[in-house]
Amino acid sequence: MSLTTKIFGLLIICATTQTVVGQESIQFINGGLTDALEKSKTENKHQSKQKSQFSFARHKLKLMEEIKKYKFKQNARLKVEVVPLKTLTTVNRTHLVTPHRTDFYHVFMFEDCMPTHLVDFNPIKIKPYTLLFIDKDRVHQFDQLLNYEGRVLIFTEDFFIANHSDTTFLRSSILFNDLTDKPNFQIAKEDFARFISISNSIDEELKMPESEYDILKNHLHNFLLLAEREKRKQGYSEIKKGPDLDYTLLFRDQLEQQFKYIKNVSVYAASMNVSERRLANATSKVLDKTPKEMINERVLLEAKRLLVHGNQSIKEIGFQLGFDEPTNFIKYFRKHTQKTPVEFRESFLS
């Protein structure tokens, strides 16, 4: 087994600055790739090439992450908040109109406005009384005009998850789960008012001298359950629970952490204690995709993000994504997109 397949974690090095959103603040962090790489216990005939790759990974510590990551303020006792969009877009205009990630979830409640919100290269045209759900770590950016009316409810995974049931709900929900790839839906004005009412209750509780976690958590959970019901009314079916979904979600979680280093299905299957065939059956039934297709999609999505939103060279991007040689990255990208990385970058930015 190669050294690359031994890597099952990476440490994020953060450099923080602060900005203020109304009375609340969010820290901005620039992530970097660390050199905390475990030594292989077995000999590898490709070791010299991989040492070159990891040497470059250490060099990446000196480079600023092109896609900024916003982190919920660290000193918040209860990591949930309701922010008026007018306040948010006024205070943070420069940051919002550039591509960014967050370590928290967003629920946008758009009122009388029609902006276009970009989520991972997909322009989402907003209509009045629309709910938009954005998972943590997704890359998105606001419309340049910033003509936003409404509010956004934000919360962290740590805030919501208190037990295994919460974990299952959040990771398999038809709201945030990017397996559905339908993050927004429009509802009637009178139904929209119910979500505004719950968000008001959250905001009011947060302003209490001793705001209670259980009350806030119940308000948030009720909000999400009501949103799921509204979404089902519009024909969105819930992903069927069972072993196939469990394997698919576990694979997706591992893939999200390791796609830069591990691109071999057998390694993921072994870490999950299932056969490659069983994993393939699960992902095919749930998503109509093979595990290899999921790996390729994730690698290509990150490659596109770096090509469009950053100024790194093709060589740097290739190394960052785990390719030993720039030519291997170029061939891989062209095979799956019919364009070279340079052609893709130029076509998107032209």
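The values are calculated or read from the model by the stated rules, or taken from the named source; none is laboratory data. Computed from a prediction, not measured in an experiment: that's the story for all the values here. Here the Cβ positions follow ideal geometry from the backbone for every residue, glycine too, while neighbour counts run over all protein chains shown.
So, Asn163, is that one within 23 Å of Ala76 (Cβ to Cβ), surrounded by fewer than 14 Cβ atoms within 10 Å (Cβ to Cβ), modelled with pLDDT of 95 or more and of a type outside the set (Val, Ile, Thr) or not?
It is false that Asn163 is within 23 Å of Ala76 (Cβ to Cβ), surrounded by fewer than 14 Cβ atoms within 10 Å (Cβ to Cβ), modelled with pLDDT of 95 or more and of a type outside the set (Val, Ile, Thr).
Here are some residues: Arg171, Arg151, Arg194. Which one is more than 30 Å from Leu245 (Cβ to Cβ), among the basic types (Lys, Arg) and touching a residue at least 12 places away in the same chain (Cβ under 8 Å)?
Numbers: Arg171 fails: more than 30 Å from Leu245 (Cβ to Cβ); Arg194 fails: more than 30 Å from Leu245 (Cβ to Cβ).
Going through Arg171, Arg151, Arg194 in turn, the sole match is Arg151.
Being acidic (Asp, Glu), touching a residue at least 12 places away in the same chain (Cβ under 8 Å) and touching an Asp or Glu at 6+ places or on another chain (Cβ under 8 Å): is that true of Asp143 here?
no
Can you tell me which residues in region 131-145 are of a type outside the set (Val, Ile, Thr) and either closer than 16 Å to Arg101 by Cα or surrounded by fewer than 17 Cβ atoms within 10 Å (Cβ to Cβ) (or both)?
Listed by number, the residues that qualify are Leu132, Phe133, Asp135, Lys136, Asp137, Arg138, His140, Gln141, Phe142, Asp143, Gln144, Leu145.
So, of the residues in region 256-283 that are outside any helix (DSSP H, G or I) and among the basic types (Lys, Arg), which turns out to be surrounded by the fewest Cβ atoms within 10 Å (Cβ to Cβ)?
Among residues in region 256-283 that are outside any helix (DSSP H, G or I) and among the basic types (Lys, Arg), the one surrounded by the fewest Cβ atoms within 10 Å (Cβ to Cβ) is Lys260.
Going by the conditions given, is Lys292 charged (D, E, K, R) and at pLDDT 95 or above?
Yes.
Considering only residues that are surrounded by 13 or more Cβ atoms within 10 Å (Cβ to Cβ) and assigned to a loop (DSSP other than H, G, I, E, B), which ones fall in region 203-255?
Within region 203-255, Ser211, Tyr236, Glu238, Ile239 meet the criteria.
Filtering region 288-329 down to residues that are of a type in the set (A, V, I, L, M, F, W, C) and within 15 Å of Phe348 (Cβ to Cβ), which residue is surrounded by the fewest Cβ atoms within 10 Å (Cβ to Cβ)?
Leu301
Condition check: outside any loop (DSSP other than H, G, I, E, B), of a type in the set (Val, Ile, Thr), in contact with an Asp or Glu (Cβ under 9 Å, 6 or more places away or on another chain) and modelled with pLDDT under 90. Does Val286 satisfy that? Show your work before the answer.
Values: outside any loop (DSSP other than H, G, I, E, B): yes; of a type in the set (Val, Ile, Thr): yes; in contact with an Asp or Glu (Cβ under 9 Å, 6 or more places away or on another chain): yes; modelled with pLDDT under 90: yes.
Taking the combined requirement at face value, the residue satisfies it.
Residues that are touching a residue at least 12 places away in the same chain (Cβ under 8 Å) and touching a His at 6+ places or on another chain (Cβ under 8 Å): does region 291-306 have at least one?
So far as region 291-306 goes, yes, one or more of its residues are touching a residue at least 12 places away in the same chain (Cβ under 8 Å) and touching a His at 6+ places or on another chain (Cβ under 8 Å).
Give the number of residues within region 100-115 that are closer than 23 Å to Lys69 by Cβ and either part of a strand (DSSP E or B) or of a type in the set (Asp, Glu) (or both).
Residues that pass the stated criteria total 8.
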